[in-house]
1. Among the numbered conditions (1) assigned to a loop (DSSP other than H, G, I, E, B); (2) of a type outside the set (G, A, S); (3) closer than 28 Å to B:K390 by Cβ; (4) modelled with pLDDT under 95, tell me where B:E267 comes up short.
2. State which residue is farthest from A:K232 (Cα to Cα) when the search covers only the range A:55-101 and only residues that are out of contact with any Phe, Trp or Tyr (no Cβ under 7 Å at 6 or more places or on another chain) and charged (D, E, K, R).
3. Being away from chain B (no Cβ under 14 Å) and modelled with pLDDT of 90 or more is true for just one of A:S218, A:S235. Which residue is that?
4. Which of the residues spanning the range B:348-401 are surrounded by fewer than 17 Cβ atoms within 10 Å (Cβ to Cβ) and among the basic types (K, R)?
5. Taking B:E43, is it over 21 Å from B:A112 (Cα atoms), at pLDDT 65 or above, in the same structural domain as B:A345 (by TED's automatic domain parsing) and touching an Asp or Glu at 6+ places or on another chain (Cβ under 9 Å)?
6. From the list B:Y276, B:Y228, which one is more than 14 Å from chain A (Cβ to nearest Cβ), touching a strand residue (DSSP E or B) at 6+ places or on another chain (Cβ under 8 Å) and either over 27 Å from A:Q228 (Cβ atoms) or of a type outside the set (G, A, S) (or both)?
7. What's the number of the only condition in (1) at pLDDT below 95; (2) assigned to a helix (DSSP H, G or I) that A:S120 fails to meet?
Amino acid sequence: MSKIKENKMTYIGTIFMIVLILSGIVKGFMESLKRGGWNNYRNLFRGQEFYDSLFLSLKLGIITTVLVGLLSLLLIYFLYMISNKYPIKRVRILKNIIISPILFPYIVAAFCMGMLLMQSGILGRIAYRLGIISQMSEFPQLVNDKYGIGIVIGYLWKTIPFMILMLYPVLEKVKDKWYDLGNIYNATEKQFFFYVVFPMMKNAIMTGLFIVFAYSFSAFELPYFLGQTYPKTLSVYSYLRYAKGPFEERGEALAANFILTLIVIMIGTVACYFYNKLKQREG
Amino acid sequence: MKKKKVLIGIIALVAMISFSACQSKSVKEEVERLDLSTATWEEIENQANGKDVAMYMWGGSEVVNHYMDDYVLPEVKDKYNINLKRIPITDISDTINQILAEKEIQKENGSADILWINGENFKNAKENKLLWGNIVDKLPNYENYFDKTASSNTLDFGLETEGYEAPWGQAQFVFTYNTKYITNPPKSIEELEAFVKENPGKFTYPAPPDFTGSAFVRTVIYETTGGYEDYLIDLTREEFESKIEAAWDYLKRIKPYLWREGITYPESSGKLDQMYANEEVWMTLSYNPLHSAAMIKSGQFPDTTKTFVLDSGSLTNTHFLSIPYNSKEREGALVVINFLMSPQAQIRKMDPNHWGDQMVLDPSKISDEDHKIYENLDLGQSTLSLDVLKEHSIPEMKGRYIQYVENKWTDNIVKD
């Protein structure tokens, strides 16, 4: 009985989300067809800037997701190893410190990264004062740079804590329930992590990484503040055209935005499909 | 089951109440609206008494917000019993969009009563018929203190205002430099080129469509193609684009000597200011001649900061106040705008301690007493004298052209 009730509550939530988000997407799509119809899309596909922007967005999204995946796994492994030696309370404090960047909005992250990493930024000035470099312009270009290093660092700083937030509860739960079993089978700490903990985390890792990708692929703040003038990411390109461009071209700006949404939905569907297949094979 | 019924009952009740509340509101409004074409100023002031007026304005500047919150809001409450609400926004074009959306659904009592606009936003609003009408003719202070023939009051980026907006303040483009590194600032665009080439990496400008960066590119256009006069007349897009070729050549020539070899540009004037404050670059740009004085005061810019304009002139534009067509409180909006144009409010606005925005009324028309205060304002050591600024003031080009420039800049300058 209580299960049905719980389900009902999630239905309400789901309907609410679908109505709000779906109506937003539909409205955005309709706006993208205003003043020009499909020509908005045709014009967009004709220009080189759209492809350059799309490529950059994809590149940054993929690099960020891969790095976040590797680094957050490393960190959670590190937390796991520590939790075998120290009392759980201390590990939790460490975890809380690690996830603290979640508190800051992205726009603050972008600003801080700029202050810290620009050539005349905090690190640059420290290096200059210490005599490591003789001129501030010798400091490596880490923001507004060719490779998007600043953007990726910004995303790592914000999204690794998010991954730890997702994964840490799994770690604790698994340890709680299965650790003794591991002992019975005489598993080493390493073996226990890779054969018990990691497989149980797969679900959370997949979901988390998809969210990280969807975000880093389509977010605006970091690439706006830390990106290069050309090419811009698709989100920045779309926003600037919408906000600063002429009214007649707003359809094109929203068309770019709609394509951004479509790609995220597509990747989500594909990820979901493969994930289910994987599950079936294992199950 | 019982709970469900109670819940449905509550929802129905709430719906009914809100529905009836909506109805009574719209009836009330029809009764209260004055015919403003015939109303006297006194009637308008009486009608405004006790009303809430919402002013939508860019909220990104602390000094502007202070001027509004600490001075204007209490004054209009005190003088006219108007509850002025400052609605801070990041970009007035968002508000224009909102009003456009309100128009599409025929919402007759819109959320905004006063808009702070100019340039492209005014053009978009006017062309989409989002503004109420000729408001300046109703304002006593416009009648008494303004030079009604001055182009700075009637032209907004080459577009006739036709009274749809009332002048509030003025901005002028200046170069800001650090005397620690530069003793003789350039006087022409050629001298600027020489400076940039001698000091690679120490100059750049914000990437258009940033407002200040775009103004710098327009300055280059005026300077390299023979002045502003030709850009106040109607040119076709092709004519315009072929006319400004020399400006692109110039920007390409200086590009390799800019900050980061001109491969990337600061995305906003705020970033350029930050780089200037860090002494990563030696010059920054501003569309407010008093900006540097305020930045020195707050400790962000070095004391060695000064400003200059090029000999052949510096871009000047006026910013205005307007009333949307669907404003709920037009009378209140008129009274507030009239107050903002009064000598008292204008002089206070000019004081760098309070805002530092050039006044738009005609100094020769204000009382001797006010004139004295005006002349004795301390504008800060980095600011050029008002006479120099006025002498060098040149008008902006047509708003339409700005769009062409911004569109082409990416293609011509950063893409290759």
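1. B:E267 satisfies every listed condition except (3).
2. A:K85
3. On the way: A:S235 fails: away from chain B (no Cβ under 14 Å).
Criteria check complete, one pass: A:S218.
4. B:K365, B:K372, B:K390, listed by residue number.
5. Numbers: over 21 Å from B:A112 (Cα atoms): yes; at pLDDT 65 or above: yes; in the same structural domain as B:A345 (by TED's automatic domain parsing): yes; touching an Asp or Glu at 6+ places or on another chain (Cβ under 9 Å): yes.
Judged against the criteria, B:E43 is a match.
6. Values: B:Y276 fails: more than 14 Å from chain A (Cβ to nearest Cβ).
After ruling out the rest, the residue left standing is B:Y228.
7. Answer for A:S120: the failing condition is (2).
Condition check ((1) under 20 Å from A:F247 (Cβ atoms); (2) surrounded by 17 or more Cβ atoms within 10 Å (Cβ to Cβ)) across all residues:
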site: B:P74; (1), (2): no, no
site: B:I82; (1), (2): no, yes
site: B:I99; (1), (2): yes, yes
site: B:E108; (1), (2): no, no
site: B:D113; (1), (2): no, yes
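The values are calculated or read from the model by the stated rules, or taken from the named source; none is laboratory data. This one's a predicted model, so the numbers in the text were calculated from it and none came from an experiment. Positions of Cβ are generated from backbone atoms using ideal geometry, with glycine treated the same way; all protein chains shown enter the neighbour counts.
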